[in-house]
Amino acid sequence: MDLLRSLPIGSYLEQPVTWLHRIDPRVKLVWLMTFLIAPLLSNPFWRIALAGSLILLTIVAGIPFRVWRKQMGWLLLLCTFMFLFASISPDSLAVKYTPRTPPFCGEISPANNTANNTTKDLAAEKTAQCTSILAPATDYQYVLFDKPKFFLLPRLVITRRSLDVAIRISTLIFTLIYSTSLYLLTTAPEEITEGLDDLMNPLRHFNIPVSEIVLTLTLSLRFIPLVLEEVQNLVRSIRTRAIDWKKLGLRRSAQLWLIVSEKLLENLLLRAEQIAVAMDVRGFTSPNEHRVQWHQLKLRSRDWIALGILIPFWCARWFVGGTF
Amino acid sequence: MSHSINIGLKPDKTPVIRVNDVGFSWSSEAIVLDGCSLEVPQGEFWMLLGNNGSGKSTLLRLLAGLLVPDRGSIVMPYKTGFVFQNPDRQLVMPTVGADIAFGLVSEHLSLVQVKERVRSALDAVNLLDLERRPIHALSGGQKQRIAIAGAIARNCEVIMFDEPTALLDPDSQLELVAQVKNLVKNSNLTALWVTHRLEELDYCDGAFLLEGGKVVAKGDPQSLKQRLLATEK
């Protein structure tokens with residue numbers, strides 16, 4: 001199971017049990033949705049604050065450093081790279097240029113200066129007006145950094161727009177991936193599905209098979225490692241045959257991978273059938289009745305506090321975090 | 001059972017598994033079991049040996065009710081658990097505790113009762129500290145013990161094992177078989193264990209040898225082991 005263990009995202013941490021683990025899965029789901037929605041149409045400071053609050057939450061929750069170093073490390077690296085790349089990329093903004101010189105400047109040329117002295121003086125005065133550098137009205141600068149030669153780059157320009165886009169992309173990626181990862185890290189898969197089962201309860205009135213949907217989701221969460229294991233076994237089986245891919249050519253390589261994909265599908269269907277047999281032997285009732293009870297879904301005081309914090313959070317998002 | 005050899009057979013206790021003259025075939029040419037008969041006494045640990053294709057796994061599937069015999073009868077009045085060769089094909093929930101609780105749904109227990117049953121089953125297989133662990137993070141031996149705990153939690157009186165040590169290393173293999181022996185000894189369990197590893201015979205109370213779809217020898221495991229080793233030489 002090397003492939004699965006090497007995946008840094010989405011794995012459940014069963015020990016130590018932190019206070020984040022103890023919060024009701026439904027409350028955590030509401031908070032996850034909040035973290036996914038709150039960055040939309042918000043200003044850069046709010047987005048940075050959201051990403052920062054996730055890091056702070058991880059530290060305050062007491063999640064061991066070895067766990068979040070692995071999860072957060074590569075994500076921070078990716079986001080930093082995205083930030084740098086987007087900052088120095090052209091901002092692609094179509095600026096409508098408005099000259100800060102008087103409109104007559106375009107008409108002045110040395111050829112026009114052949115008239116009498118009075119006209120010459122007037123023209124000289126106008127030329128002086130046009131050539132003098134106008135002082136900026138405010139300290140606003142659209143271009144924040146501009147160097148013609150910067151290390152290996154022919155020119156490095158950072159504008160307000162590119163910086164804004166860089167912050168948007170990097171913080172959005174971090175918030176979306178890390179909030180989901182933190183949720184999966186502190187919530188057992190069947191807790192998630194039990195929480196969903198409870199939240200989807202009203203759908204039962206419309207004869208929607210909620211338990212069946214939830215059971216299917218739970219089984220698929222168990223099935224993911226098995227799929228990865230099958231993929232890994234097939235990849236290993238191909239590797240051990242020492243195939244010379246260069247000699248094989250594109251067409252025959254594609255044929256080989258098609259055979260492998262066929263085998264993978266066959267193995268997965270066989271596994272699914274064997275699991276179905278095992279379920280029968282283990283006392284499976286029927287898809288819409290088999291509700292596995294394992295977690296008690298009860299809102300305690302800590303859950304109400306977590307829900308209560310949502311009110312000031314959304315007020316802050318509305319009044320402080322909105323776009324300028 | 002007139003056609004089978006009894007080797008140092010102990011006095012029979014009440015049988016909890018009774019197979020009488022069972023026949024099964026996949027087609028008219030592929031006859032798997034032909035007049036197979038055996039009895040497993042209550043509270044004992046018996047093994048079923050045989051070469052590949054001798055019908056061991058088919059017999060176990062017949063006992064579990066997954067297949068129906070063509071003829072003969074199978075009497076098993078007690079609740080039965082089943083442990084498959086590959087536990088990855090048996091464990092269906094994402095974490096240990098929830099997987100054991102999977103088999104308890106039909107009993108309509110309260111959450112407190114479910115938790116009690118799960119913990120007591122995990123305690124029986126010495127894995128109480130793994131209650132919250134994801135299944136994919138367990139070793140092969142631990143997965144097999146979780147599968148056994150699933151049967152114990154359901155209060156199964158009989159557990160059948162279909163080559164549960166086939167995918168384990170030698171140390172884990174002997175550790176598992178020793179643990180099952182202790183379980184049978186300490187509780188009123190009956191176990192029927194399919195294997196083709198002779199060293200596992202040291203741990204059981206009795207054994208059957210299956211050949212050509214019928215039991216050809218049964219009784220004391222050590223005598224059977226000696227006989228099989230002599231045949232191999």
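The values are calculated or read from the model by the stated rules, or taken from the named source; none is laboratory data. Please read all numbers here as calculations on a predicted model, not as lab measurements. For neighbour counting, all protein chains shown are included, and Cβ atoms are generated from backbone atoms with ideal geometry for every residue, glycine included.
Whether any residue in segment A:233-240 is within 14 Å of chain B (Cβ to nearest Cβ) and of a type outside the set (S, T, Y) is what I want to check.
At the first step, the residues of segment A:233-240 found to be within 14 Å of chain B (Cβ to nearest Cβ) are A:233.
When the remaining residues are screened for being of a type outside the set (S, T, Y), the result is A:233.
Checking segment A:233-240: at least one residue is within 14 Å of chain B (Cβ to nearest Cβ) and of a type outside the set (S, T, Y).
Given (1) in a helix (DSSP H, G or I); (2) outside the structural domain of B:G97 (by TED's automatic domain parsing); (3) closer than 28 Å to B:F24 by Cα, where does B:K181 come up short, assuming only one miss?
All conditions are met except number (3).
How many residues, within segment A:212-226, are facing another protein chain (nearest Cβ under 10 Å) and farther than 13 Å from B:P94 by Cα?
0
Please go through segment A:199-255 and pick out each residue that is among the hydrophobic types (A, V, I, L, M, F, W, C), closer than 30 Å to A:V27 by Cβ and assigned to a loop (DSSP other than H, G, I, E, B).
A:M200, A:I208
So which residues in segment A:261-311 are of a type in the set (F, W, Y) and under 33 Å from the mean Cα position of the chain (by Cα), if there are any at all? Reasoning before the result, please.
At the first step, the residues of segment A:261-311 found to be of a type in the set (F, W, Y) are A:284, A:294, A:304.
A:W294, A:W304, listed by residue number.
Which of the numbered conditions does A:L226 fail, given that it passes all the others? Conditions: (1) surrounded by fewer than 19 Cβ atoms within 10 Å (Cβ to Cβ); (2) assigned by TED's automatic domain parsing to the domain that holds A:A276; (3) not charged (D, E, K, R).
Just one mismatch for A:L226, condition (1).
If you go through segment A:195-211 one residue at a time, do you hit one that is touching a residue at least 12 places away in the same chain (Cβ under 8 Å), polar (S, T, N, Q) and within 14 Å of chain B (Cβ to nearest Cβ)? Give the steps one after another, and end with the answer.
Let us first name the residues in segment A:195-211 that are touching a residue at least 12 places away in the same chain (Cβ under 8 Å), namely A:195-200, A:209-211.
Then drop every residue that is not polar (S, T, N, Q), which leaves A:211.
Subsequent filtering for residues that are within 14 Å of chain B (Cβ to nearest Cβ) retains A:211.
Scanning segment A:195-211 turns up at least one residue that is touching a residue at least 12 places away in the same chain (Cβ under 8 Å), polar (S, T, N, Q) and within 14 Å of chain B (Cβ to nearest Cβ).
Do we have A:L219 as under 28 Å from the mean Cα position of the chain (by Cα) and not charged (D, E, K, R) here? Reasoning before the result, please.
Details: under 28 Å from the mean Cα position of the chain (by Cα): yes; not charged (D, E, K, R): yes.
Considered against the rule, which asks whether it is under 28 Å from the mean Cα position of the chain (by Cα) and not charged (D, E, K, R), A:L219 comes out as yes.
For segment A:23-44, give me each residue that is in contact (Cβ under 8 Å) with a residue 12 or more places away in the chain, in a helix (DSSP H, G or I) and out of contact with any Lys or Arg (no Cβ under 8 Å at 6 or more places or on another chain). Outline the logic, then answer.
Taking segment A:23-44 as the starting set, the residues that turn out to be in contact (Cβ under 8 Å) with a residue 12 or more places away in the chain are A:23-32, A:34-36, A:38-39, A:41-44.
Those still in the list that are in a helix (DSSP H, G or I) too: A:25-32, A:34-36, A:44.
The answer is A:P25, A:R26, A:V27, A:K28, A:L29, A:V30, A:W31, A:L32, A:T34, A:F35, A:L36.
Looking at B:S172, is it away from chain A (no Cβ under 13 Å), closer than 30 Å to A:K298 by Cβ, touching a residue at least 12 places away in the same chain (Cβ under 8 Å) and surrounded by fewer than 21 Cβ atoms within 10 Å (Cβ to Cβ)?
On the way: away from chain A (no Cβ under 13 Å): yes; closer than 30 Å to A:K298 by Cβ: no; touching a residue at least 12 places away in the same chain (Cβ under 8 Å): yes; surrounded by fewer than 21 Cβ atoms within 10 Å (Cβ to Cβ): yes.
Considered against the rule, which asks whether it is away from chain A (no Cβ under 13 Å), closer than 30 Å to A:K298 by Cβ, touching a residue at least 12 places away in the same chain (Cβ under 8 Å) and surrounded by fewer than 21 Cβ atoms within 10 Å (Cβ to Cβ), B:S172 comes out as no.
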